[in-house]
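One structure is given below, encoded as structure tokens.
All of the numbers you see were taken from the coordinates with simple rules; none came from a lab. Treat the numbers as computed from the prediction; the structure is a model and nothing was measured. Positions of Cβ are generated from backbone atoms using ideal geometry, with glycine treated the same way; all protein chains shown enter the neighbour counts.
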Ligand code: F6R
């Protein structure tokens, strides 16, 4: 998620755009830039790093219309050339989103004589608008956008004309007195106006100093409602959510959508990876995979083990990165390092160790240009957008999504998955974001359970097979943000020791979605119920049997067994969040923890 700002009015645009970009900086960006029309031409200034670095290189520019951008890299490294705005002739563009068909468009535009200087998908847009621009900027933007597959929020500057448009990425218009604004997020412009119009998908705005006109894709004018924002700046940064963690949990459908963008072709039964440098014959030759990671990323890797083994028939060892180098194990022929930050020292050390044994390496990370990406052969980005809460949520869901795609992709190449099965599974996978949205709209039961058990000292999360990693993740989330001791256990293992701890004071969260081990999990539930533990089951919405055995049930939408852990994840995240909230814990910054752990 990049930050976009546009301004047209009576004041100097550069100062307002810089100030507005700073309001978005709390999310952490890697580069920034502005384009201002100085009365004769568009001046563009960009810099790697923070807004303050950009400010240092901007001369005194006089101009009352302009656009600005803070970049959070998805295509191409974070550097000055890849920073926005991107230009083509007299057109400058800033963009948030992912253009899925940019390679095809790039080839076509190159053949028409357009010269590409950056590694970004956005540059395609600048050239495409230029290609269509004869005299009417709106028409040029509409024609260009008709060719775009993917998501976008854009602001386009051409002379003193400013146009904005969106599809699947947020964009708002701010209304002032003799000045108007474009922004990707409310905090950017809250200092200047509280009157805001939310652009809907496929709408375009022509922003003038005294008026903003809205159009549909056929250039028919449309009426829009003006909203008054009551939030203060802090609330606006969290989009009105009380904590970043809750906001990020709610961003998961969007994060998954971006993780899938341009990678899933369900009608053809194909998966495409941009950063994967493994040929089909190499994938066929993989004898064993080692996954190395820490914390939440380890839990994602643990689910990855089940996925690769079931879908592609490859044996997987999952290793805690800080232990890997001392375990003297020989790594598999492919080593996958998972790290949302791409900077975790333990994961890097383990990766280097594995590399020195000559294995092929692949990283799954959220941060473009992070250290890990420079040390591996292949990188697959999770594209979750910036995560501020210390507890990983949306990055975890996106890591799972990448692992599903990789395991399916390998499985198809290794002849374990037929074309038909692939198509069916990709259709189910694509439904998951909407199913998460349904879950997020019905949190009442979770909040109720959280308030009843907020004072417990110990919790157990149990699950079998695919649900076991999610039990681990649920316990980790609860520990870190609520400071309650929690254990994630393979449900079948309880009777081998921990059952001694189960009493009426140890609530048990049982992940009991339908599948291979459902009956066994029900037996494990009966074991803990016999010791008087209160049990909350996470169960399939169609399961009418489970309530006979437990105290409370949280239902998740029905999907293929293999994808249900993604839905159960959202429940354990929310449960941890609401328990921590009921205990008044500092949810976004738990004590003793850091977002990126760069020491071993
Ligand atoms: C827990 C959490 C940590 C991280 C771990 C690894 O919510 O965020 O457990 O998962 O420190 O971090 P990355 O993924 O950046 O390598």
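Some observations on this one:
- Rounded FRET efficiency, nearest 0.05, which uses the C-beta distance separating residue 352 from residue 330 and R0 of 22 Å: 0.90
- The three principal axes of the C-alpha atoms in region 442-582 carry coordinate ranges of 34, 34, 25 Å, sorted with the longest axis first.
- For region 223-314: span of alpha carbons on each principal axis (Å, largest first): 59, 38, 22
- Förster-model FRET efficiency, 22 Å R0, residue 225 and residue 136, C-beta, rounded to 0.05: 0.25
- Over region 442-582, relative contact order from alpha-carbon pairs under 8 Å, at least 6 apart, %: 30
- One equal scatterer on each Cα of the chain, no solvent, Debye formula: the resulting log10 I(q)/I(0) at q = 0.06, 0.09, 0.11 Å⁻¹ is -0.33, -0.73, -1.06.
- Expressed to the nearest 5 percent, the antiparallel share of DSSP beta bridges inside the chain is 60 percent.
- Estimated at 0.36 nm per residue, the fully extended path between residue 53 and residue 595 surpasses their Cα-Cα distance by 192.8 nm.
- Extension gain from residue 444 to residue 270, taking 0.36 nm per residue of separation minus the Cα-Cα distance: 58.8 nm
- Here r is the Cβ-Cβ distance between residue 26 and residue 493 and R0 is 35 Å; the resulting FRET efficiency, rounded to 0.05, is 0.25.
- Between the helical axis of 345-356 and the longest alpha-carbon principal axis of the chain there is an angle of about 80 degrees.
- Distance between the 7 Å Cα→Cβ label points at residue 520 and residue 315: 2.0 nm.
- Compared with the dominant Cα axis of the chain, that is its longest principal axis, helix 295-307 is turned about 70°.
- Relative to the current alpha-carbon distance between residue 458 and residue 218, full extension at 0.36 nm per residue lengthens the span by 80.5 nm.
- Using the alpha-carbon positions of region 429-476, Rg (one decimal) and Dmax (whole number) come out as 13.5, 39 Å.
- Calculated mean residue ellipticity, 222 nm, the chain: -10500 deg cm²/dmol, from DSSP H runs (n ≥ 4) at -39500 (n - 2.57) each, averaged per residue and rounded to 500.
- Contact order relative to length of the chain, as percent, for alpha carbon pairs under 8 angstrom and 6 or more apart: 11
- A viscosity of 0.692 mPa s and a temperature of 37 °C, combined with the Kirkwood radius over Cα pairs in Stokes-Einstein, give a translational diffusion coefficient for region 1-93 of 255 µm²/s.
- Folded to 0 to 90 degrees: helix 13-22 orientation relative to the chain principal axis, Cα: 10
- Spherically averaged projected area of the convex hull of Cα atoms, region 247-436: 9.7 nm².
- Ranked by the mean number of other Cβ atoms within 10 Å of their residues, highest first, the peptides 392-401, 493-502, 87-96 come out as 392-401, 87-96, 493-502.
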